[in-house]
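Taking it in order: structure first as structure tokens, then the write-up.
The numbers here are math on the coordinates, done by the rules we state, and not lab data. Just so it is clear, the structure is predicted and the values come from calculations on it, not from any experiment. Heads up, the Cβs are rebuilt from the backbone with ideal geometry, glycines too, and the neighbour counts pull from every protein chain shown.
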Amino acid sequence: MTRRRSSAWSTPFLPAHCQVRVRFQEVDSLRVVWHGHYLSYFEEGRNAFGRRYGFGYQDILAAGYIAPLVHLSIDYFRPARFDQVLDVETRMHLEPGARIRFAYRIHDPAGEQVAGGCSTQVFTDPDGELCLVRPAFFAEFLARWHDEAQHDPPRDVAPDRP
């Protein structure tokens, strides 16, 4: 049985990469990274994306919006260990609507995928009212970077989970 590629990895995207070193306090009694710390690695990826493209949390706030997280999923494939340098690949997928969709892949120094996942953020005004229409600043951001968007080559079978 083959699994179809998830749309999280098949839509046009803007990529960013960063590296994180596993710190001692992130390792549990089993001597592997505690599962909750992978979310911090995703956050590092989102921050690297923001620095690369000028679309960080401060930029969103400066435009008069807040972007709360409304969905997060993660899959674990193999353990990461103390002092490993992990590569975090973050992709913002260019989708219609008033939401921000990121997909993540974390690889160990050997290039093996350690974890992967995705997150969705929405836009609200400062009072917490949900924006149902894409904010103008976000539409402008997407238009500015549209020609830089990358596409994965088509495949019939999905890679290891997102």
Per GNM of the chain with C-alpha springs under 10 angstrom, the most fluctuating residue out of ASP147, ASP83, ASP75 is ASP147
Which net charge results for the neighbourhood of PRO109, defined as the other residues with beta-carbon distances under 11 angstrom from its beta-carbon, given Lys and Arg at +1 and Asp and Glu at -1? -2
For the range 15-20, Karplus-derived ³J(HN,Hα) couplings (6.51, -1.76, 1.60; θ = phi - 60°; whole Hz; x for glycine and proline) come out as x, 8, 10, 8, 10, 10
Coil-residue trypsin sites (Lys or Arg not before Pro) of the range 14-70, DSSP, other Cβ within 10 Å capped at 12: ARG23, ARG31
THR11, THR90 arranged by Cβ crowding within 10 Å, fewest neighbours leading: THR11, THR90
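Ignoring everything except DSSP H segments at least 4 long, calculate the 222 nm mean residue ellipticity for the chain; use -39,500 (n - 2.57) per segment, divide by total residues, nearest 500.
The helix-only estimate for the chain comes to -6000 deg cm²/dmol at 222 nm.
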Extent of the chain along each principal axis, from alpha carbon coordinates, in Å, largest to smallest? 46, 39, 25
Sort LEU86, LEU142 by Cβ crowding within 10 Å, fewest neighbours at the top. LEU142, LEU86
The chain, dipole about Cα centre (Lys/Arg Cβ +1, Asp/Glu Cβ -1), debye to the nearest 20: 360 debye
Take the chain, connect every pair of alpha-carbon atoms lying under 10 Å apart with a spring to form a Gaussian network, then pick out the residue of VAL33, VAL88, VAL133 with the largest mean-square fluctuation. VAL133
With a 10 Å cut-off between alpha carbons and a GNM built on the chain, which of ASP87, ASP59, ASP108 moves the most? ASP59
